[in-house]
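The values are calculated or read from the model by the stated rules, or taken from the named source; none is laboratory data. Since we're looking at a predicted model, the values are computed, not measured. Using ideal geometry, Cβ is built from the backbone for each residue, glycine included, and neighbour counts are taken over all protein chains shown.
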Amino acid sequence: MSRGSGFLKMAEISSEVGEIPKIGVGILGYAFMGKAHSHAYIDLPVFFYPPPARPELIAIAGRSERKVREAAARYGFRRYYTDWRKLVKDPDIELFDNCAPNTMHVEPCIEAAESGKHILCEKPLAPNAKDAKKMLEAVRRAGVKHMVGFNYRFVPAIVLAKKILEERRLGRVYHFRARYLQEWGMDPNLPLIWKFRKEESGSGPIGDLGSHIIDLARFLVGEIKSVFSVTATFIKERPLPEDPSKKGKVDVEDAFAAVIEFENGAIGTLEATRFAAGRKNYNNIEINCEKGSIEFNLERLNELRVYNAEEPYEDIIGWHDILVTETYHPYIEHYWPHGHIIGWEHTFMNEIYHMLNAIVNDEDIAPYGATFEDGYKCNVIMDAIIKSAQEGKKVIIQY
């Protein structure tokens, strides 16, 4: 068709927007997080156009050949592997994305770094701080870009909250409290899946949910100085997946609560559980400052509640619900008109855009993205929470 008819040939389109670099992506893990990340790579160029790089889905790896073959076809990967070592050695892969269970983070990420791959690793970075330190040292030696998948840093409302706090619009921070509550662990007949096994998960909700709120505490308020915590396991045994007539021991916590001190003098609380009836994915944070407060609830992720005690009209002072969907709000210019809300899946697009931009333009992952150093520090705090609960005393954080 001619230009006059309103159509452009692909070569003409490319010349108008400029050449977009490509980056080969390999993902380890095809389930929940594998789906979330794959979706983000697929849709990212639709919203962030032109993207820093166009992701090319090279290969996906997992233990079950049937399931990983199906995932490759479903998401559009060129090939699949049942051996993660082949994935990290694949010369077409430049970005290694680790979506595997926690104990599968360490060795694959270290080998990927040694193979010169940039790395995005799901949280928590490792089952413990010792392993996280090895991963941090590996990416530093290799000089590759590295990021931990704390995707809630990329919720527009959270970024707006950070901006408010950084600009000290509400003054000094006094309190930070976070509750990450879910209900899915309450059924005693739920099988002994990997999240209930320390060998595969490293911990229970401390790593699964707590890592998110620990990271948000550091991201929004600052470094944590000490923790004092308690943990509980409510259901001690669960049916074995391979034989429900038999039961196995649950060797991780079902819930934890911790009191924390920040280096800047603020204090706070952290709580996470899988036993909160009625709570689906309730990641709720509240920050109290000298001139007001901020509150966020992930189940209403497009909103940020703000209270400003210094509003000029005292008769309307109160909590305000801000719908964070204006074009001047973080990331929203890439999506829909105001009031047309985005969803949980878009946080992964924002996160991966940040990663690709850092790779292509050689920019820093920090401070808005979580580096492996952030992941390591989170692991140190997680270990301190476990130690505090075991010893029944306050633990000072030492990195």
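Can you tell me how many residues in the stretch 24-53 are farther than 19 Å from Y335 by Cβ and either surrounded by 21 or more Cβ atoms within 10 Å (Cβ to Cβ) or out of contact with any Leu (no Cβ under 8 Å at 6 or more places or on another chain) (or both)? Of the residues in the stretch 24-53, 13 are farther than 19 Å from Y335 by Cβ and either surrounded by 21 or more Cβ atoms within 10 Å (Cβ to Cβ) or out of contact with any Leu (no Cβ under 8 Å at 6 or more places or on another chain) (or both). Scanning the stretch 326-362 for residues that are of a type in the set (S, T, N, Q) and free of Cβ contacts under 8 Å to residues at least 40 places away in the same chain yields one hit, T327.
Restricting R179, R168, R153 to those that are part of a loop (DSSP other than H, G, I, E, B), closer than 23 Å to I322 by Cβ and of a type outside the set (G, A, S) reduces the list to R168.
Filtering the stretch 305-315 to residues that are more than 18 Å from E295 (Cβ to Cβ) and either outside any loop (DSSP other than H, G, I, E, B) or at pLDDT 95 or above (or both) leaves E314, D315.
The rows are residues; the columns are (1) closer than 28 Å to M33 by Cβ; (2) touching a Ser or Thr at 6+ places or on another chain (Cβ under 6 Å).
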position: D251; (1), (2): yes, no
position: D254; (1), (2): yes, yes
position: N264; (1), (2): no, no
position: E271; (1), (2): yes, no
position: A277; (1), (2): yes, no
position: I316; (1), (2): no, no
position: H320; (1), (2): no, no
position: T325; (1), (2): yes, no
position: I342; (1), (2): yes, no
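Residue count for the stretch 135-156 under the criterion of being touching a Cys at 6+ places or on another chain (Cβ under 9 Å) and either closer than 24 Å to L304 by Cα or of a type in the set (A, V, I, L, M) (or both): the result is 7.
Looking for something of a type in the set (A, V, I, L, M, F, W, C) and part of a strand (DSSP E or B) - is there at least one such residue anywhere in the stretch 345-364? There is no residue in the stretch 345-364 that is of a type in the set (A, V, I, L, M, F, W, C) and part of a strand (DSSP E or B).
For the stretch 105-114, the set of residues classified as without any contact (Cβ under 8 Å) to a residue 60 or more places away in the chain and either within 18 Å of V360 (Cα to Cα) or surrounded by 19 or more Cβ atoms within 10 Å (Cβ to Cβ) (or both) consists of H105, V106, C109, I110, A112, A113, listed by residue number. Say we look at the stretch 370-399 and pick out the residues that are over 12 Å from G210 (Cβ atoms) and hydrophobic (A, V, I, L, M, F, W, C); which of these is surrounded by the fewest Cβ atoms within 10 Å (Cβ to Cβ)? So, considering only residues that are over 12 Å from G210 (Cβ atoms) and hydrophobic (A, V, I, L, M, F, W, C), the one surrounded by the fewest Cβ atoms within 10 Å (Cβ to Cβ) is I396.
Condition check ((1) among the polar types (S, T, N, Q); (2) touching a residue at least 40 places away in the same chain (Cβ under 8 Å)) across all residues:
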| position | (1), (2) |
| --- | --- |
| S64 | yes, no |
| R79 | no, no |
| A100 | no, yes |
| T103 | yes, yes |
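A count restricted to the stretch 258-313 and to residues that are farther than 21 Å from I158 by Cα, out of contact with any helix residue (DSSP H, G or I) (no Cβ under 8 Å at 6 or more places or on another chain) and small (G, A, S) stands at 4.
Residues considered: E253, E261. Of these, the only one that is charged (D, E, K, R), part of a loop (DSSP other than H, G, I, E, B) and touching a strand residue (DSSP E or B) at 6+ places or on another chain (Cβ under 8 Å) is E253. Against the criterion of being over 25 Å from R141 (Cβ atoms), aromatic (F, W, Y), in contact with a helix residue (DSSP H, G or I) (Cβ under 7 Å, 6 or more places away or on another chain) and part of a loop (DSSP other than H, G, I, E, B), Y49 does not qualify.
Which members of the stretch 66-108 meet the condition of being at pLDDT below 95 and outside any helix (DSSP H, G or I)? Selection gives P101 alone.
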